[in-house]
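Note sheet for the following structure.
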Amino acid sequence: MPSNVIVGLQWGDEGKGKITDLLSKNSDYVIRYQGGNNSGHSVHIKERRFILHLIPSGVIYSHVKCLIGPGVVVDPKFFIKEIKNLELIKVNTSNIFLSKRAHITMPYHRLLDRYKEKILGNQSIGTTHRGIGPTYEDKIARMGIRLLDFLNLENFYKKLKYNINLKNELFTKVYKMKPLEFKSIYEEYVEYAKIISNRIIDVVYEIHKAFHNKKKILFEGAQAMLLDINYGTYPYVTTSSTSTGGACIGAGIPPNFLENFIGVAKAYCTRVGHGPFPTEIKNDIGDIIREKGNEYGATTKRPRRCGWLDLTALKYSCMINGINCLIITKLDVLSELKLIKVCVGYKYNGKVIKYFPANIEKEIQSVYIDFPGWRKNISHIRKYEYLPINCKNYIKFIENYLNLEILLISVGSERNHNIIKNKHLFSKIFS
Ligand code: GDP
Ligand code: IMO
Ligand code: MG
């Protein structure tokens, strides 16, 4: 049974949680493969909106095994809190497992994230302050602590000692802060180790066994293409590989495990945090979109910057991710607007370009095509043919530009607020 992967195609918050939830019903496994608790994926649990940060969005279904893969960075304190919150609303958490190979976010990573951002001032990235970047930095520097070390406390002791000694040099000499106290951190994290140790497994073998037993596996991407460490708007990016290829690296699977490459994009764009955003709307239309779309960060509650759909960027994202299933979300949010713009290129150094440049700068100007709005509520519509003509024209333009048929259009935050556009493909993937 081939596996499927879901990724965000813009700057995050495209509605990956909603789509993963929808696909999870018929999945045996849902697996996170990168990022950490910088994500905020909204799902509906027992009619209530719930935001998942580290735990895969399949958790709502008690039959689904939820795995946190080797490429994820795990903050154990946060993980335990998230488990408790799910248990409070009677969600079964016994099927959640963590990879031995995943790296641990420690308190000094969270502190470093804050200090660095503060020092950068108006050049800061606008991170989530969850310590994600510093955890990946230590991983690449080959000094990180893995969940595996929670299973051997002697090793954990040695590695933590080494790390805290090094970090204290930085805290005291560079940041002029008080040194961290080893003993209290060690004791606190030994408690966390005891709580989660029975969930720490060899996720790679678990996935391969599941694949060979023909289980349905869904890989849930976090963040999105334009925040990717290699292909995003560097340096204003996150620190992991957010692409479909990232699923192979972050979960230990070969590319030929994957069949459907599901890309999720909003019918417009948003970005939370700093960095280039060529189609950003800096007037009251941006505010209308923010309010109608409830565009406030699921993790940090920050207002999201809003802008027009950027098809040049979206085409680039579809290309890198090999998208063969496209999902457009939040089309309902545009319903009030008289005029809707779509970016089809940029004016760059006096020339019009049709590609997403590697050195995208804030000064880049978008080239737009205008569409008349449909000015009708569409949230209740469940069949494509019932959408207003202007709305269908907007959708058709996106499909033609990207040379991809849209699989599903989401017109509201609830699980059933969808228009299935390609029923054949939908039932092939979703059943
Ligand atoms: P994720 O990070 O990609 O999972 O997305 P978030 O959960 O951070 O943000 C998406 C937000 O949009 C959440 O509040 C969802 O409940 C909401 N949402 C998802 N799809 C739709 C839609 O089609 N219409 C509307 N109005 N809201 C949606
Ligand atoms: P989901 O999975 C939107 C952004 C931050 C910041 C940059 C780097 O919900 O789509 P980091 O803390 O990762 O070092 O911050 O990345 N960012 C997100 N933006 N959605 C997310 O996740 C994000 N995760 C990180 O705002 O600009
Ligand atoms: Mg989110």
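What follows draws every value from the coordinates through simple rules; no lab data is involved. From a predicted model like this one, the values you see are computed outputs, not experimental measurements. Here the Cβ is made from the backbone with ideal geometry for all residues, glycine too, and neighbour counts use every protein chain on show.
Which longest run of the chain has no exposed loop site in it, a site being GluC sites (Glu not before Pro) in a DSSP loop with at most 13 other beta carbons within 10 Å, and the site itself not part of the run? Spell out each step's value before the answer.
Numbers: sites that count: Glu47, Glu181, Glu361, Glu363, Glu405, Glu414.
The longest uninterrupted stretch comes out as 182-360.
The distance linking the stretch 392-420 with the stretch 202-245 is 24 Å (Cα centroid to Cα centroid, whole angstrom). In degrees, nearest 10, range 0 to 90: what is the angle between the Cα axis of helix 311-321 and the longest Cα principal axis of the chain? Relative to the chain, helix 311-321 is tipped by roughly 50 degrees.
With all pairs of different C-alpha atoms in the average, the Kirkwood value for the hydrodynamic radius of the chain is 22.3 Å.
Give me Ile201, Ile229 sorted ascending by neighbouring Cβ count inside 10 Å, so fewest comes first. Kindly include the intermediate steps, with their values, before the conclusion.
On the way: Ile201 14, Ile229 19.
Result, fewest neighbours first: Ile201, Ile229.
When the chain is treated as a GNM with alpha-carbon contacts under 10 Å, the residue of Gly121, Gly17, Gly307 showing the greatest mean-square fluctuation is Gly121.
Between Lys77, Lys159, Lys194, the residue with the greatest mean-square fluctuation in the GNM of the chain (Cα pairs under 10 Å linked by springs) is Lys194. For the chain, find the longest principal axis of its Cα atoms and tell me its angle to the long axis of helix 76-88, 0 to 90°, nearest 10. That helix lies at roughly 60 degrees to the long axis. Pairs of alpha carbons in the stretch 175-226 separated by more than 12 Å make up 79% of all such pairs. A convex hull fitted around the alpha carbon atoms of the stretch 1-144 yields 131 Å³ per residue.
Could you work out the percent of alpha carbon pairs in the stretch 205-274 separated by over 17 Å, rounded to a whole number? Could you put the intermediate results ahead of the total?
Numbers: 1213 of 2415 pairs.
Distances greater than 17 Å cover 50 percent of the Cα pairs.
Here is the size of the stretch 217-319 from its Cα atoms: Rg then Dmax, 14.9, 47 Å.
With the convex hull drawn around the C-alpha atoms of the stretch 103-196, the volume per residue stands at 94 Å³. Per the Kirkwood formula applied to alpha carbons, the stretch 252-303 shows a radius of gyration over Rh ratio, Rg over Rh, of 1.15. Here, P(r) means the percent of Cα pairs in each 10 Å bin from 0 to the largest distance; for the stretch 265-430 it is 10, 38, 38, 14, 1.
Both radii are taken from the alpha-carbon atoms of the stretch 338-431; with Rh as the Kirkwood radius, Rg/Rh is 1.06. Only Cα pairs under 8 Å and at least 6 apart count here; give the relative contact order of the chain as a rounded whole percent. With pairs under 8 Å counted, the relative contact order is 19 percent. From the helices alone, meaning DSSP H stretches of at least four residues, give me the mean residue ellipticity at 222 nm for the chain, per-run term -39500 (n - 2.57), in deg cm²/dmol to the nearest 500. Only helices count here, giving -9500 deg cm²/dmol. For the chain, DSSP calls about 40 percent of its internal beta bridges antiparallel.
Helix 153-169 sits at what angle to the longest principal axis of the chain, using alpha carbons and giving 0 to 90 degrees rounded to 10? Helix 153-169 and the main axis of the chain meet at about 80 degrees.
In Å³ and rounded to a whole number, note down the convex hull volume per residue for the Cα atoms of the stretch 113-266. Write out the running numbers ahead of the final one.
Working: hull volume 23.1 nm³, N = 154.
Residue-normalised Cα hull volume stands at 150 Å³.
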